[in-house]
Amino acid sequence: MGIQVIYLEEDDDSASIRDRLDWVKESQVVLVLPVKGNVLTNYLDLALLQRQADAFQLQVGLVTTDHRIVGQAKALGVPTFGSLRSARNNRRGWRQARHRRQSFGKPTRLDEADNREIARRKREKPLWQKWTTRYLALLFYLFTLAVLFLAAVYIIPGATITLKPQVKPLQVRRQIVADPALESVENGDAAVAGRLLRSIQEWQAEVDTTGAIEVDDAPAKGKVVIVNQLDQPVTVPAGTRVSTSAGENTVFQTMNAVEVPGLIGGTAEVEVVAIQPGADGNVGRNRINRIEGPLALRLEVRNMEATEGGGSRLENAVTESDMERLRSHVMQQLQVRALADMENQLTENEFLARDSLRVVNIIQETYSNFVNEQTDTLILDIRAELQATVVDETKAIGLVYDELAGGVEPGYELIPGTLLFESGEVERVDDQGRVTFEMYGEGMTAASLVTDEILDEIAGQKSGVAVTYLFENLPLQDYPSVQVWPNWFGRLPFLPVRMQTVIENGH
């Protein structure tokens, strides 16, 4: 004995299901109900199905998990299964349902209300009622199509119109004074408030000297003859000083001790060396003629030959240009450090007028050597106070923007994204820290487009006609582009509210 399976659809009803039972060849049939829908959820439909099955001597089972159907089927003795596989293999379920059905006795007797409902369903409707229903359905269908057509023509289509207005460049240049003493900007003035920044910096640097001087190197040497003026011997100790008496006083000293004989006119010879090195110790013969100290009363001295060997050498020395060069270098370093210090103190919208930076006070300035002093390296220590003027750029930009706005032609407006402002070179800085500089401003202006009324004129027009009309009646630099969606008829929407304009300020 086999089982026949019938799969039901959501639109099946009790009548169509009972019709399918006429074609069943097996003694058992499984109806697989759809997951969604209301198939066989009505108790009366289940009862009619069971009666039809009894009439054909069929045992009907249901595959469903709908609790509404499971409970009613159990009451009628109709077996239910959770899956088709369970329906095929669960013989016990079939037997229990059959026993339950037999315990109920004969097939379920329907009450009078159910019989009337069955009769109503079997009664054939009058012909006029059938045609009336069909005509009404047809009219409703045509009305729905008309509504959808109107919606498609008037409501659904939308258009995006991209317009490129005429653009013109605009440039201005304005001279502005940043005055630290000014607290606010008055209309019509070309001055903005500035502020002074001060910074104390110190720096040490050195340079190689470029000058040259002669430095005494070797002392002159020679011999002198000492003559005794008395008849007693005299000892002249080493280091006794003798010198010249004419011109510059050049001093020599004896290199060793000597004994002068004790008779008048007695002589002794001794070597001498100049006290100071250099060429000044090279003196001519008979120039050394004086003994210093108590021995001058007892002795006389003469150099019979010129002294020689005194000399000098060239050494590096400081020049004025060295000092100027070193000072210039140190001042540059002070300015660099001061600029870095001041820029760290700026706010977001300020800029430092670099040309206004100057030294206002030298606190300390010390050189390691003076001009013409012998040294290989010159060192300078400086501590100074520097000052510069800071300008609030937003205030200066405001003045230039006013000038830009005043230069816009009638019917045009500034394009914000094209505005550019730049400060020029500082032209002048006075003693009060007032900075005069130029500020440049440039941007693009675009023609003002009023599209509200013109959209009414092009509503429903063909795209090509609308594009030409817009180009001829608006100040555009190029033909506009039109995108219609859905583009069913090649026309713009009939409703202006369904058209959107996009302004592209090309530059």
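If R0 is taken as 22 Å, the Cβ-Cβ distance between Met304 and Asp217 corresponds to a FRET efficiency of 0.25. Sum up the charges of everything whose Cβ sits under 12 Å from the Cβ of Thr445, counting Lys and Arg as +1 and Asp and Glu as -1, but leave Thr445 out. Spelling it out: positives minus negatives among the neighbours equals -2.
In order along segment 465-482, the Karplus-derived 3J(HN,Hα) couplings, from 6.51 cos²θ - 1.76 cosθ + 1.60 at θ = phi - 60°, round to 5, 5, 4, 5, 5, 5, 5, 7, 10, 10, x, 10, 8, 7, 5, x, 10, 10 Hz, and Gly and Pro are given as x. In segment 369-476, taking the dipole from charged Cβ atoms about the Cα centre, the farthest positive-side position among Leu470, Leu380, Leu399 is held by Leu470.
Going by a ≥ b ≥ c, the root eigenvalues of the Cα gyration tensor, does segment 215-313 fall in the rounded group (a/c under 1.5), the prolate group (a/b larger than b/c) or the oblate group? The partial results should precede the final answer.
Working: a/c = 2.36, a/b = 2.11, b/c = 1.12.
The shape class here is prolate.
Placing +1 on the Cβ of every Lys and Arg and -1 on the Cβ of every Asp and Glu, with no other charges, gives the chain a dipole of roughly 7420 debye about its Cα centre. Among rounded, prolate and oblate, which fits segment 1-40 when a ≥ b ≥ c are the square roots of the eigenvalues of its C-alpha gyration tensor, a/c under 1.5 means rounded, and a/b larger than b/c means prolate? Oblate shape, in that a/c is at least 1.5 and b/c is the bigger or equal ratio.
For segment 277-285, putting each phi into the Karplus relation 6.51 cos²θ - 1.76 cosθ + 1.60 with θ = phi - 60° gives couplings of x, x, 6, 5, x, 7, 10, x, 5 Hz, in residue order, rounded to whole numbers and with x for Gly and Pro. The Cα atoms of the chain cover 191, 76, 39 Å along the three principal axes, with the biggest extent listed first. Our summary gives segment 215-313 a relative contact order of 41 percent, counting only alpha carbon pairs under 8 angstrom and 6 or more residues apart.
Annotation: amide H-H contacts under 5 Å for Val192 (H modelled 1.01 Å from N, sequence separation of 5 or more, or interchain): Val177, Ala178, Asp179. Near the amide H of Gly424, within less than 5 Å, lie the amide hydrogens of Glu438, Met439, Tyr440, all on another chain or at least 5 residues away, with H placed in the peptide plane. Counted by Cβ distance under 14 Å from Pro277, the other residues give a net charge of -4, where Lys and Arg count +1 and Asp and Glu count -1.
Computed from backbone phi, the HN-Hα couplings of segment 441-456 come to x, 8, x, 10, 10, 10, 5, 6, 10, 10, 10, 4, 6, 6, 5, 5 Hz, rounded to whole numbers (Karplus: 6.51 cos²θ - 1.76 cosθ + 1.60, θ = phi - 60°; Gly and Pro given as x). Computed on segment 285-436, the Cα convex hull volume stands at 223 Å³ per residue. The local environment of Arg491, defined by Cβ-Cβ distances under 13 Å, has a net charge of +2 under the rule Lys, Arg +1 and Asp, Glu -1.
Each reported figure results from applying straightforward, stated rules to the coordinates on display, with no laboratory input. Only a predicted model underlies this, so the values are computations on that prediction, with no experimental measurement involved. Note that we place each Cβ from the backbone using ideal geometry, even for glycine, and neighbour counts take in every protein chain shown.
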